[in-house]
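To keep things clear, I will list the structure first and then write my remarks on it.
The values are calculated or read from the model by the stated rules, or taken from the named source; none is laboratory data. In this text the structure is predicted, and so the values were computed from the model without any measurement. In this analysis, Cβ positions are derived from the backbone assuming ideal geometry, glycine residues included, and neighbour counts consider all displayed protein chains. Ligands, DNA and RNA are stripped out before the accessible areas are found, and what is left, the full protein with its side chains, is counted by its heavy atoms. Shrake-Rupley method; radii C 1.70, N 1.55, O 1.52, S 1.80 Å.
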Amino acid sequence: MSESRTVYRVCTLCEATCGIALEIEEERVVSIKGDENDPFSQGYICPKATAMKGLHEDPDRLRKPLRKRTDGTWEEIGWDEAIAYAAKGLLGVRERHGSEGLASYFGNPTVHSLHTTMYSPIVNRALASKQRFSASTADQFPKMVTAGLMFGENLTIPIPDLDRTDYLMVLGANPLASNGSLMTAPNVKGRLRDIRGRGGKVVVIDPRRSETADVADEHLFIRPGADAYFLLAMANTMFEENLVDLGTCAEHVAGLDEVRDAIVGVTAQSVAARCGIEAETIRRITREFVAAPSAACYGRIGTTCQEFGTLASWAVDIVNILSGNMDRPGGVMFTRAAAAGGSSDEPGGTGVQLHRWNSRVSGYPEVFGEIPVAAFAEEIETEGEGQIRGLLTLAGNPARSTPDTERLERALTSLEFMVSVDIYLNETTRHADVILPPTSALEHEHYDLAFYRLSVRNIAKFSPAVFEPEDGALHDWQILARLSAELMGFGPMSADDVDDFVLGQLVDKAIPEDGSKSNGKSRTQVLEELGSQRGPHRALDLMLRTGPYGDGFGTDPDGLSLAKLKEYPHGLDLGPLMPQVPQVLETPSAKIEMSPALVLDDLPRLRAGLDRDAEDLVLIGRRHLRSNNSWCHNIEPLVKGRDRCTLMMNPADASRFGLGNGDRAQLTSRVGSVVAPVEITDELMPGVVSLPHGWGHDVEGVRMGVAREHAGVNSNALTDSALIDRPSGNAVLNGIPVVVEAAG
Ligand SMILES: Nc1nc2c(c(=O)[nH]1)N[C@H]1C(S)=C(S)[C@@H](COP(=O)(O)OP(=O)(O)OC[C@H]3O[C@@H](n4cnc5c(=O)[nH]c(N)nc54)[C@H](O)[C@@H]3O)O[C@H]1N2
Ligand SMILES: Nc1nc2c(c(=O)[nH]1)N[C@H]1C(S)=C(S)[C@@H](COP(=O)(O)OP(=O)(O)OC[C@H]3O[C@@H](n4cnc5c(=O)[nH]c(N)nc54)[C@H](O)[C@@H]3O)O[C@H]1N2
Ligand code: SF4
Ligand SMILES: [Mo]
């Protein structure tokens, strides 16, 4: 019997990175509590944290590879056989149809694991196909596009300085349910309370009076998809009323006049009806925003997964810049990540190149090397050269998370071969020929490479593994490493050998031959210092040591390394956000590019939208604190109680459609139809209904017993793959025209 112990790490279920303390007895988790000594989360956790135990222990979580028999049933097989089978199947497709016959889809948890963050690009390189899809085109691509174009790098995203701001304006985000996104901040509720406590103001602009709106000073309903109009009308008001003052950014911007000229006519008066907000209110909010000692405008899913995602994301930054809040304490600022990799401290860089080629079927422009997930089904269905015939999914459930999933699922059944690297047999992986399940999150170490680039303080924290992996189990990185080696034609290779090779390449990239960045140490010496224990933690160590706080392999003996970071089991606070313009800018001009052509070119579409008749009824999504996209519904404590997958509807709409609370409503869009129970609430503005995504688990072949009992319905059977925000390729998941009637 082993002793009891406490392990400190972070919860990896959302972007907030809360510190947790796990009590372990006899190699079982007996409790999960908030880590009071975590400098960032200070003991805060949400109800999902305990699901880290539920997920680890879930009997439905796959522990062994599964191969589909010809009759559609599954058999457990060994790892060597499974990897060989997966590789052979994919290579067979490539032989028959060429590289473009293979595709990948990476899901959201890819970014929540050090292992997959490090190894997903490698498997994509090994697949050597342009057919790359991910959840990012159903999420934040508009923000990454505007960050890339305006600041020069797709993750150089301005983050609200939550802890110092005097005025927070939130559009299309509900951090009290989501715990924040592109704004890593544990305990948003507490941080918002503090804003109000120090005399500041919180304004929420959302078609639903959300949980966040409930704790704000002011909530304004806005018609779905109208954010760009609202924000550009604010910008226009600033120009008209001479309120523009760029503050410290003044000498670092380009394109100010172009912005003013481009938005002429998009006035508070002209957009009021489309927004559902009075012109005078838009002007008042503008004046308040400008007058506040500091202010931050923040937009999320409601502003990105919509018709004008790129324009809305851009307009958020324009409002921040024009009001002098870009890069100022209390405004929006840039995180200085400990493990950022690559970026120099000199202003200027190569910027980003976008729209370099087009997708095969609809001719959508590529974005960051990806094709819009809205085009996933058509690329599988449409015959001709480059048709997708084989697929690798990694930590994704596109069958529930992407638009028009019924069409996608039909397409998935037509594939010649499909491999899923996933922990569940779910709506997506049931279509695979082989499922390769990695170790559980508690069985491997972790570092939030992505979210510490987006956090409201500069933070670094390393999470050790809690348990040894079960005998013979493989980590995500080991699965991906071995698959990649086979796909690259090296034949069966050990994951360790692949890891040595990968690390060697990273060192070559990060450390110049002349030893200028490694305290004079050679490549061999650097590799030696990174150690011989294989795994992505070595690459992390390299990034930390060459990063802005790093020890430079001895240049700064007090600097950061992984060994040093491990001395802070609760995490290391590297201080509040600091002004970073211009050195953070990677644009070729070394300026903030306010008026990128790719964005301005989309303005005619926005103007045309103003003349369009308003839809009678549109569908939006929502999130619940106890849910997590599609994949945590098999954890009883998170799904028990009241049905959460309800169709929320304003009383006026309910009465016009003759629906009562709890009635079953049939909801129909251009592409599909679902039946859901009605929840009448004045939280929703009239003309807007809301259904959460990620549900609909009672389908054949899914092995998630608890989720099946709380199945809900799949809102993405209604979202339309024909609707995209073209500049970013992002799917439109909010503002979907629907009709509703009592279900027969
Ligand atoms: N209508 C509508 N649709 C939406 C949204 C919306 O707001 N409205 N939101 C969108 C957004 S923001 C996102 S991010 C996407 C999410 O889209 P996806 O990422 O496609 O879906 P998830 O539900 O996150 O599924 C994650 C998958 O990863 C698996 N998994 C979990 N942990 C691990 C792991 O450690 N390793 C491996 N290999 N697998 C793991 C799970 O079993 C599950 O199959 O959905 C999008 N879809
Ligand atoms: N509990 C929980 N936490 C999560 C997740 C989860 O599924 N559950 N998912 C995680 C992921 S992958 C992400 S990306 C983040 C997302 O984090 P958030 O963006 O905060 O997510 P939501 O709660 O969906 O908030 C979106 C809000 O936009 C509103 N909205 C819809 N359409 C419009 C519009 O056109 N304009 C405006 N102004 N508002 C609109 C909705 O009413 C909703 O309140 O959350 C993460 N955290
Ligand atoms: S907010 Fe909840 S789900 Fe997110 S990291 Fe914290 S405890 Fe985990
Ligand atoms: Mo997301």
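Observations on the structure shown:
- Matching option when the condition is in contact (Cβ under 8 Å) with a residue 12 or more places away in the chain and either farther than 27 Å from GLU366 by Cα or among the β-branched types (Val, Ile, Thr) (or both), among GLY729, GLY744, GLY735, GLY694: GLY744
- Index of the failed condition, SER655 passing every other in (1) touching a residue at least 24 places away in the same chain (Cβ under 8 Å); (2) out of contact with any Pro (no Cβ under 6 Å at 6 or more places or on another chain); (3) not basic (Lys, Arg): (1)
- Members of segment 155-190 found to be part of a loop (DSSP other than H, G, I, E, B) and within 16 Å of ligand 1 (Cβ to nearest atom), listed by number: LEU155, ILE157, GLY172, ALA173, ASN174, ASN179, GLY180, SER181, LEU182, MET183
- For segment 379-388, the criterion of a residue being touching a Pro at 6+ places or on another chain (Cβ under 7 Å) and farther than 17 Å from THR310 by Cβ is satisfied by no position.
- Matching residues in segment 280-321 - criterion: being more than 23 Å from ASP601 (Cα to Cα) and either in the same structural domain as GLY729 (by TED's automatic domain parsing) or open to solvent by less than 10 Å² (accessible area, probe 1.4 Å) (or both): ILE282, ILE285, THR286, PHE289, SER294, ALA295, ALA296, CYS297
- Filtered residue count, segment 137-154, keeping only those that are within 12 Å of ligand 2 (Cβ to nearest atom) and either under 14 Å from LYS591 (Cβ atoms) or outside any helix (DSSP H, G or I) (or both): 2
- Residue match in segment 198-210 (condition: in contact (Cβ under 8 Å) with a residue 60 or more places away in the chain, open to solvent by less than 10 Å² (accessible area, probe 1.4 Å) and in a helix (DSSP H, G or I)): no
- Selection status of THR719, among the polar types (S, T, N, Q), surrounded by fewer than 24 Cβ atoms within 10 Å (Cβ to Cβ) and within 28 Å of the chain's Cα centre (by Cα): no
- Any hit, segment 178-196, residues being more than 16 Å from ligand 3 (Cβ to nearest atom), of a type in the set (Ser, Thr, Tyr) and not assigned by TED's automatic domain parsing to the domain that holds LEU684: no
- Pick from segment 132-154, criterion of a type in the set (D, E, K, R) and within 16 Å of ligand 1 (Cβ to nearest atom), ranking: surrounded by the fewest Cβ atoms within 10 Å (Cβ to Cβ): ARG132
- So ILE122, is it over 14 Å from the mean Cα position of the chain (by Cα) and more than 16 Å from ligand 3 (Cβ to nearest atom): yes
- Count - residues of segment 211-237 that are in contact with a strand residue (DSSP E or B) (Cβ under 7 Å, 6 or more places away or on another chain) and not hydrophobic (A, V, I, L, M, F, W, C): 6
- Test for GLY247: is it within 16 Å of ligand 1 (Cβ to nearest atom) and not hydroxyl-bearing (Ser, Thr, Tyr): no
- Residue check for GLY331: away from ligand 1 (no atom under 16 Å from the Cβ), surrounded by 23 or more Cβ atoms within 10 Å (Cβ to Cβ) and not aliphatic (A, V, I, L, M): yes
- Enumeration of residues in segment 241-262 that are free of Cβ contacts under 8 Å to residues at least 12 places away in the same chain and in a helix (DSSP H, G or I): ALA250, GLU251, ASP257, ASP261
- Close Cβ contacts (under 8 Å, 6 or more residues apart or on different chains) running from residues in segment 46-71 that are of a type in the set (S, T, N, Q) to residues that are away from ligand 4 (no atom under 16 Å from the Cβ) comprise THR50/ILE32; THR50/PRO637.
- Evaluation of LEU606 against the conditions (1) touching a Leu at 6+ places or on another chain (Cβ under 6 Å); (2) open to solvent by 10 Å² or more (accessible area, probe 1.4 Å) shows that the sole unmet condition is (2).
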